[in-house]
1. Helix 212-221 versus the longest principal axis of the chain: what angle, 0 to 90°, nearest 10, using Cα atoms?
2. Zone of SER74 (label point 7 Å along Cα→Cβ, backbone N under 20 Å): which residues in segment 139-158?
3. Using alpha carbon centroids, what distance separates segment 241-260 and segment 32-67, in Å?
4. Using only Cα atoms, tell me the angle between helix 188-199 and the longest principal axis of the chain; keep it within 0 to 90° and round to the nearest 10.
5. Out of all DSSP beta bridges with both ends in the chain, state the antiparallel percent to the nearest 5.
6. Relative to the longest principal axis of the C-alpha atoms of the chain, give the angle of the C-alpha long axis of helix 255-264, reported between 0 and 90° and rounded to the nearest 10°.
7. Identify which of GLY165, GLY128, GLY222 has the largest mean-square fluctuation in a Gaussian network model of the chain, with springs joining Cα atoms closer than 10 Å.
Amino acid sequence: MKAAVLTELNKDLEIRDDVGLGELGPNDVRVKIASSGVCHSDVSVQNGTIPSGFPVVLGHEGAGVVQEVGSAVSRVAAGDHVILSFIPACSICNPCLRQQSYLCEQSGPQAMAANFRIDGNPVAGMTGLGTFAEELIVGDAGVVKIDSDVPLDVAALIGCGVTTGVGASINSAGVTPGSSVVILGCGGVGISAIQGARIAGASEILAVDTVDAKLEQAKHFGATHVTKPEGFEDAKNAITGGEGFDYALECIGNPNTIRATYDAARRGGTAVIVGVGRMEEMLQFSAFEFFYGDKTLRGSLYGSSNVRTFMPELLRLWRAGKLDLESMISRRIKLDEVNEAFRAMQAGEVIRTVIDF
Ligand code: APR
Ligand code: ZN
């Protein structure tokens, strides 16, 4: 079958048509991919921001149809439509039992399972998925069943960016009605965070991006104010009277904008870091400012979401017309064009490119 494979750092993806699958284990599910989004984290594996072994089949934002299940699988059956969950939710480990499935202990094993075969050798998919392939095998903890009338391109977006962004506003930040919010970065994740803040009832939502077209799009999804980084300080003062925002969310993954996000939260406010920066990049805080600011600084992994309940909730918001997923799809491509999609994403030309299988 066809798959897009990263063989080493900073190389274009190789589109191969000779990729195979390993044996289906008792707890595994084989899924035919219908749609896969192209997310910045795919680029982050290519450029080394997110560490990975090589070769690796990229892609972690996808949806498809179950083809076959192992003998011990009861969660889904052949023919079911599923969203792939890049962090599994096994439902029985301690984090899952604590309602923190985004920390599921199966995420390591899922990521390590090398279920693809290239030249006879086991090869892993990104986060244990690898949605840039026509089919994949994953443990059943890594699939979330959905209604079969949901278009699978819309479902694919929920696999990463939408759950991450909407979840960051609703679950990680806990945006409250009437509050003020700033979102730095308006890609697929930031646009989703804007929608999450709107759904949560924020009064003011400031979107910050370097690209003019992104700011126009941000308004469509719910931003009440927009600015380029140079106008950020003025916009903050105008919207919050200089106090700073109740909630500030970073959706880029850059140490400078992470620091700016902390600074943008008001005293007593909340800063949430959604973007994924490099392991070796450091941030500086004075030892005094935490005391003085009394701010909450938190990270956000998969939007701090329990996917088995949150993904269905997102679909209900979508059905109710409160979450616009269709407009987030800027381009549709075939798998062969994935390298062009990586370029377009880094040039700020798209919210999401979706690969149509
Ligand atoms: N200031 C403001 N905006 C910026 C800056 C900056 N210094 N640098 C980049 N941006 C904007 C880009 O113009 C783009 O619109 O941030 C946005 C990033 O969007 P995408 O590249 O589409 O990335 P996305 O998929 O949304 O992921 C964002 O979240 O999950 C993580 O790994 C992911 O770190 C990445 C982040
Ligand atoms: Zn992603």
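1. 80
2. Residues 139-146 fall inside that zone.
3. First find each Cα centre; the distance between them is then 28 Å.
4. The angle comes out at about 60 degrees.
5. Given both bridge residues lie in the chain, the antiparallel proportion sits at roughly 55 percent.
6. Approximately 50 degrees, to the nearest 10.
7. The residue that fluctuates most here is GLY222.
Where a number appears in this text, it was derived from the coordinates with a stated rule and is not lab data. Keep in mind that this is a model prediction, so the values were computed, not measured. Quick reminder, even Gly has a Cβ in these numbers, built from the backbone with ideal geometry, and neighbours come from all protein chains shown.
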